[in-house]
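Enquirer: A single structure is presented below for examination.
The values are calculated or read from the model by the stated rules, or taken from the named source; none is laboratory data. Small disclaimer: the values here were computed from a predicted structure and weren't measured. Here the Cβ positions follow ideal geometry from the backbone for every residue, glycine too, while neighbour counts run over all protein chains shown.
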């Protein structure tokens, strides 16, 4: 699968780019139509990455209703992204 | 510490889980079983699917159990959560806590199930008698998005 660029409106990314593996769950998986994907992005933080994804894929959930995990644990939205990171956006949970 | 939080894609056996709690110092144990019920928020439910981010759920689940040990005077605590397709009446989650005295066992059991529901990356899709299904807690947003889509 070829990495896709996530720049909004087709504008080429200007900052340094990183390749991120994103896994989707629940409503995000349904809206994206896939479990995971590799994306090349110029997003510097997890928050910027979700903004990118939301613009591109029209996710219904605003970031205020999500948490974010990077490399297997919860992180803050201002987490800096590094090449090869695994990022998962966590929709509102409903265990139990 | 032993692994005390587990995920299962097969039916939970409460009797087998309870054996993890046995201890000669224990005066008893408290357990909570969450079952799949046939209604939610006024709608008839025929079944549901759980989806889990396993790697993170296991880490966070062990944290919840550790916190229960820090906060309450208990001996053993364990939690098992199902994933996959479940039918009405199936055990969705089982929590058990043994302790010398009942107050700590009840309080810790309550803590573990409450934190599990609040924090673990587990999602529930309910299937209703009217043929619809939704991811619980994303429902309101989803229906708004649906309304917007059909209004366009």
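Enquirer: Could you list, ordered by first residue, the pairs with Cβ atoms under 7 Å in which the first is in region A:46-74 and closer than 16 Å to residue B:54 by Cα and the second is modelled with pLDDT of 95 or more and assigned to a helix (DSSP H, G or I), at least 6 apart or interchain?
Expert: The qualifying pairs are A:68/A:46; A:69/B:56; A:70/A:46; A:72/B:55; A:72/B:56; A:72/B:59; A:73/B:56; A:73/B:59.
Enquirer: In region B:38-56, how many residues are out of contact with any helix residue (DSSP H, G or I) (no Cβ under 6 Å at 6 or more places or on another chain) and closer than 21 Å to residue B:9 by Cβ?
Expert: Restricting attention to region B:38-56, the residues satisfying the condition of being out of contact with any helix residue (DSSP H, G or I) (no Cβ under 6 Å at 6 or more places or on another chain) are B:38-50, B:52-56.
Next cut, closer than 21 Å to residue B:9 by Cβ only: B:45-50, B:52-56.
Adding up the residues that qualify gives 11.
Enquirer: Continuing with this model, one more query. Identify the residue in region A:30-55 that is part of a helix (DSSP H, G or I) and touching a helix residue (DSSP H, G or I) at 6+ places or on another chain (Cβ under 6 Å) and, among all such residues, is surrounded by the most Cβ atoms within 10 Å (Cβ to Cβ).
Expert: The first filter runs over region A:30-55 and keeps only residues part of a helix (DSSP H, G or I), leaving A:30-32, A:46-55.
Restricting the remaining residues to those that are touching a helix residue (DSSP H, G or I) at 6+ places or on another chain (Cβ under 6 Å) gives A:32, A:50, A:55.
Values: A:32: 17, A:50: 22, A:55: 13.
For region A:30-55, the residue satisfying everything is A:50.
Enquirer: Can you tell me how many residues in region B:88-137 are away from every other protein chain (no Cβ under 14 Å) and without any contact (Cβ under 8 Å) to a residue 40 or more places away in the chain?
Expert: 4
Enquirer: Then there's this: Counting only residues that are over 18 Å from residue B:124 (Cβ atoms), free of Cβ contacts under 8 Å to residues at least 40 places away in the same chain and surrounded by fewer than 16 Cβ atoms within 10 Å (Cβ to Cβ), which one in region B:64-85 is nearest to the other protein chains (Cβ to nearest Cβ)?
Expert: Going through the qualifying residues, I end up with B:70.
Enquirer: Still on this structure, please answer the following. Can you tell me which residues in region B:92-111 are over 10 Å from residue A:95 (Cα atoms) and within 9 Å of the chain's Cα centre (by Cα)? Can you show your working first?
Expert: Here is the first cut: in region B:92-111, the ones over 10 Å from residue A:95 (Cα atoms) are B:94-111.
Residues satisfying the conditions are B:94, B:95.
Enquirer: Another question, if that's okay. In region A:56-68, what residues are within 14 Å of chain B (Cβ to nearest Cβ), surrounded by 13 or more Cβ atoms within 10 Å (Cβ to Cβ) and either modelled with pLDDT under 95 or more than 10 Å from the chain's Cα centre (by Cα) (or both)?
Expert: Narrowing region A:56-68 to residues within 14 Å of chain B (Cβ to nearest Cβ): A:57-68.
Applying the additional criterion that residues be surrounded by 13 or more Cβ atoms within 10 Å (Cβ to Cβ) yields A:57, A:59-61, A:63, A:65-68.
Once the filter is applied, which keeps residues that are within 14 Å of chain B (Cβ to nearest Cβ), surrounded by 13 or more Cβ atoms within 10 Å (Cβ to Cβ) and either modelled with pLDDT under 95 or more than 10 Å from the chain's Cα centre (by Cα) (or both), region A:56-68 yields A:57, A:59, A:60, A:61, A:63, A:65, A:66, A:67.
Enquirer: Considering only strands (runs of 3 or more DSSP E) fully contained in region B:39-133, which possess at least 1 residues that are modelled with pLDDT under 95 and over 23 Å from residue A:67 (Cα atoms)? Reasoning before the result, please.
Expert: Numbers: elements: B:43-52, B:76-82, B:84-87, B:91-99, B:122-128.
It comes to B:43-52.
Enquirer: Looking at region B:17-26, can you tell me whether even one residue there is within 14 Å of chain A (Cβ to nearest Cβ) and within 17 Å of the chain's Cα centre (by Cα)? Steps first, please.
Expert: Residues of region B:17-26 within 14 Å of chain A (Cβ to nearest Cβ): none.
The answer is no; no qualifying residue exists.
Enquirer: Kindly provide the set of residues from region A:76-96 that are buried (at least 18 other Cβ atoms within 10 Å of the Cβ) and more than 8 Å from chain B (Cβ to nearest Cβ), ordered by number.
Expert: Listed by number, the residues that qualify are A:79, A:81, A:85, A:87, A:89.
Enquirer: Among the residues of region B:32-59, write down those that are within 13 Å of the chain's Cα centre (by Cα) and under 21 Å from residue B:111 (Cα atoms).
Expert: Result: B:32, B:33, B:34, B:35, B:36, B:52, B:57, B:58.
Enquirer: Which residue is surrounded by the most Cβ atoms within 10 Å (Cβ to Cβ), if the candidates are limited to region B:112-127 and must be within 10 Å of the chain's Cα centre (by Cα) and over 12 Å from residue A:94 (Cβ atoms)?
Expert: Taking the candidates together, the pick is B:112.
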